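Remarks on the structure that follows.
The values are calculated or read from the model by the stated rules, or taken from the named source; none is laboratory data. The shown structure was predicted, so the numbers you read here are calculated from the model rather than taken from an experiment. Here the Cβ is made from the backbone with ideal geometry for all residues, glycine too, and neighbour counts use every protein chain on show.
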Amino acid sequence: MAGRPRVGVVGVVIWPCLPDDGRHSLEEQLHRAMQATLADAGLGTEDLEGIVVASNDQYDGRAISIMMASAPLGGVDRDILSTPSAGEHAFVLGALRIASGQFRTQLVVSWSPTEASSIPEAQRLAADPYFHRRLPLDELAAAALQANVLEHAVPGAGALAEQVLASGRRNGARAFPDLVQAEVPRGGPSRWPLRHDMVPPPVTGVVALMLADEAFIAERGLGPVAWISGLGWATEPAFLGDRDLATAPALSAAAAQAYGEAGVTDARAAFDLAEVSDVTPYQALIALEGLGLASRSEWQARLAEFAPDGRLPVNLSGGIAALNPVYCTGLIRIAEVANQLRGRAVRHQKQGARRGLAHAASGPAMQYQTVVVLDAGAGRTAA
Amino acid sequence: MTGRVGIIGIGQSNFRARRDDASYPDLVREAVALAMNDAKLDFDEIEAVVYSLSPDAMVGIGNAERLGVDAVGARNKRFLRINTGGATGISSVATAWTHVAAGACDVVITAGADKVGECGDSQTVLNKIWDPMYERSLPLGTINMLAMSAVRYMHKYGMTQEDMARVVVKNRRHASKNPHAHLRKETTIEEVMASRMISWPVKLFDCCPQSSGGAAMILASERWIKARGLDAVWITGLAHSSETYYMGDRMGRGYTADHADAHALRASFRKAYAMAGIKDPRREVDVAELYAPFSNTEFHAIEAAGLAGLGESPAMLRDGAFALGCDAGAVVNPSGGVLCTNAIAVTAMSRIAEAALQVWGRAGERQVKGARLGIANGNGGDHQFFGTMVVEA
């Protein structure tokens, strides 16, 4: 987006596990998230020029769930759009809308409720009705097929996945001690080779980010800011049989877009931290390769680099291995990196982080891939 | 932004009640192929895809955009889906515009399809757009929602059922000249008045059909278009604005918006006009493709677009305004409009496509002579989300 207004993240709210206290409707939760995000940015409702939301109608139990969200998020008399394909797509569109010069600010919001009687049943409705739906195929089953393919392609991948899982839980327990336990009893088989303990149960979550253009940020003296230096997104086809699930070509494409924009030539040396989407620990391994951080032949030797005290900490938040608000996990990865660069990550803050990498994946076996390069302060132009 | 964004390719199905010959992805592919042929492009030149799909339940597949990835040639490319209900089509074109205006891409396709005619009963699906605790159980549907708007408009401005029928007669006549339209048979005021009552005062002929088909449009940067010496229609204004969600907020004592009018649509047009530099729409607009799925709503759409004063449009229509061949002012819905074709996911995209074809001079028998400036809009949710656009030759 060269030559266009630079876009920064100036407000963030991450509520990765809302208590179901029965006292607050989703509308009230969204309104509170909007107010908290504006407060974090030091802005008021009058500063809101546009909104992009992302939600899943099947999880929400509504045919067009943006309708309910519009008023609580300040959408009345404003420009509000929705990207139901993925939570992180709302971030993409919010950033583009500012870069286009049409808007100075955008509120980006995604949420994931747990009231649906069965989230897997809701997911099965997304399988094509003629071939896959009757299998039945939900997202956990797709992730298990992917894990199986990876174990076949990379001997020892299962053991590496166990290490990644344990690391994620430890990080999660440090970041969210009230919500996440470092030690979880080994569970029984879920969808082979996955076990029940490998994927946390769905929780209700809300995530919101306030974006603004450089001139507005300067004019209002906003900060701290995480600048969007690179943005990439791409998709795989829907049919799992059309894909090699052990690889992620769409992720490579998205990374190439984002890195090209940010001037990243060596991903291994470019970042101070990263957040990757890891519905299963196998997906974290695939992400490391797709992002150019570690090829599969290097996983064993280089996993230590991605520990909290390593050269490139990955998922200091614990990732999805720790908390799983199903639909908005991708956008949370971006919000986590933004908060790190803004110095607002509290317990899991990496001191002095200047450049971060966010990876978000959604859909069956990581169909949608999004990569964001974020910079603290004035940003950098090249790795 | 730097430089304009132009429309360089358009594809529309010939919409029908059913398309048993084509699966949902087939319909998307059909529209994409038509647009690609129209623009004479190769898929390698498409850098991003904006997928246009309103409620999943219409096609019976959750997140059905995933199944459309190959149909739109999006594999390993930028791809996202938009849903603002009935406004989805125009919101998708606006999002494609945003991709180009932001400098992320030079060439973007937006595409989608719907099988409303094969969904069983669209009103059962659409009832699920309302809040499950309060308004869903009334039961609300989009027909009785806008029938209440008709009652209010009648009360405020004196519209009659014959005035509504006159809109149907005009649009059916227009649709008879449009090979893409679903309902192409001309009708009379008497036939409309004699058609079955659905929700007073809305009768069967006052309602849009449930259509199946697809649409696609290709947008590109001015720099890219000029480098290749291509012809284009330029998007010079665009905006969205929204109303409240709860119908109870638009009725009774203390309402926040009058259900007779379309104040958020008016606000949206005002913003789009400001961007396009339009100061007097009555004088400057040649053709308008306005989203009106029920005959009565075309009146408040015309007024929100600034083509008539509040409550004035029924009398203007009686006097011959808004029809193909009229003496002065904009022609409204020369395609036949939503009243004659409604494949919800792409209906609002067809509004822009038709306005663009008009100012391009490529509208065939339905061409408005000398059209240079067109406007379009899309309405979504429970008459909640309003997208507007200005296109110029």
Exercise. What are the residues in segment B:248-271 that are within 11 Å of chain A (Cβ to nearest Cβ) and hydrophobic (A, V, I, L, M, F, W, C), if any?
Worked result: B:A257, B:A264, B:A267
Problem set entry | Residue match in segment B:196-203 (condition: surrounded by 15 or more Cβ atoms within 10 Å (Cβ to Cβ) and part of a helix (DSSP H, G or I)) | no
Exercise. Just to be sure, is B:M159 in a loop (DSSP other than H, G, I, E, B) and within 14 Å of chain A (Cβ to nearest Cβ)?
Worked result: no
Exercise. From the list A:D266, A:D213, which residue is under 25 Å from A:L374 (Cβ atoms) and touching a Pro at 6+ places or on another chain (Cβ under 9 Å)?
Worked result: A:D213
For this session: Could you grab me the full set of residues in segment B:55-65 that are facing another protein chain (nearest Cβ under 7 Å) and closer than 23 Å to A:W233 by Cα?
Result: B:D56, B:G62, B:N63, B:E65
Exercise. From the residues in segment A:12-45 that are without any contact (Cβ under 8 Å) to a residue 40 or more places away in the chain and part of a helix (DSSP H, G or I), which one is farthest from A:P202 (Cα to Cα)?
Worked result: A:T45
Exercise. For segment A:242-260, what are the residues that are within 9 Å of chain B (Cβ to nearest Cβ) and more than 20 Å from A:L312 (Cβ to Cβ)?
Worked result: A:D242, A:P249, A:A250, A:A253, A:Q257
For this session: Output the residues belonging to segment B:124-151 that are of a type in the set (A, V, I, L, M), within 17 Å of B:D206 (Cβ to Cβ) and more than 14 Å from chain A (Cβ to nearest Cβ).
Result: B:I143, B:L146, B:A147, B:M148, B:A150, B:V151
Problem set entry | Among the candidates B:H180, B:H174, residue that is assigned to a loop (DSSP other than H, G, I, E, B) and at pLDDT 95 or above | B:H180
Exercise. Filter segment A:113-139 for residues that are farther than 18 Å from A:A365 by Cα and within 21 Å of the chain's Cα centre (by Cα); which is surrounded by the fewest Cβ atoms within 10 Å (Cβ to Cβ)?
Worked result: A:T114
Seminar exercise, completed: Checked A:T329, A:T370 against criteria (outside any loop (DSSP other than H, G, I, E, B) and either closer than 18 Å to A:L211 by Cα or basic (K, R) (or both)); the one match is A:T370
For this session: From the list A:A301, A:A294, pick out the single residue that is in a loop (DSSP other than H, G, I, E, B) and more than 19 Å from the chain's Cα centre (by Cα).
Result: A:A294
Exercise. Given (1) under 20 Å from the mean Cα position of the chain (by Cα); (2) modelled with pLDDT under 95, where does A:S110 come up short, assuming only one miss?
Worked result: (2)
Seminar exercise, completed: Restricting segment A:1-16 to residues that are more than 18 Å from the chain's Cα centre (by Cα) and among the aliphatic types (A, V, I, L, M), the one farthest from the other protein chains (Cβ to nearest Cβ) turns out to be A:V7
For this session: Identify all residues within segment A:324-354 that are buried (at least 24 other Cβ atoms within 10 Å of the Cβ) and more than 24 Å from A:M198 (Cα to Cα); write none if there are none.
Result: A:A338, A:N339, A:Q340, A:L341
Exercise. Going by the conditions given, is A:A161 buried (at least 23 other Cβ atoms within 10 Å of the Cβ) and either at the interface with another protein chain (Cβ under 10 Å from one of its Cβ atoms) or under 23 Å from B:C105 (Cβ atoms) (or both)?
Worked result: no
Seminar exercise, completed: Every listed condition ((1) farther than 22 Å from B:L126 by Cα; (2) at pLDDT below 95; (3) charged (D, E, K, R)) holds for A:D47 save (2)
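Rundown of residues vs (1) of a type in the set (A, V, I, L, M); (2) out of contact with any Phe, Trp or Tyr (no Cβ under 9 Å at 6 or more places or on another chain); (3) closer than 30 Å to A:R97 by Cβ, yes/no style:
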residue	(1), (2), (3)
A:A175	yes, yes, no
A:P185	no, yes, no
A:V199	yes, yes, no
A:M210	yes, yes, yes
A:E214	no, no, yes
A:L231	yes, no, yes
A:P237	no, yes, yes
A:L245	yes, yes, no
Exercise. Hey, does segment B:104-115 have a residue that's surrounded by 20 or more Cβ atoms within 10 Å (Cβ to Cβ), at the interface with chain A (Cβ under 8 Å from one of its Cβ atoms) and within 30 Å of A:Q257 (Cβ to Cβ)?
Worked result: yes
For this session: Look through B:R250, B:R283 and report the one residue that is without any contact (Cβ under 8 Å) to a residue 12 or more places away in the chain and buried (at least 18 other Cβ atoms within 10 Å of the Cβ).
Result: B:R250
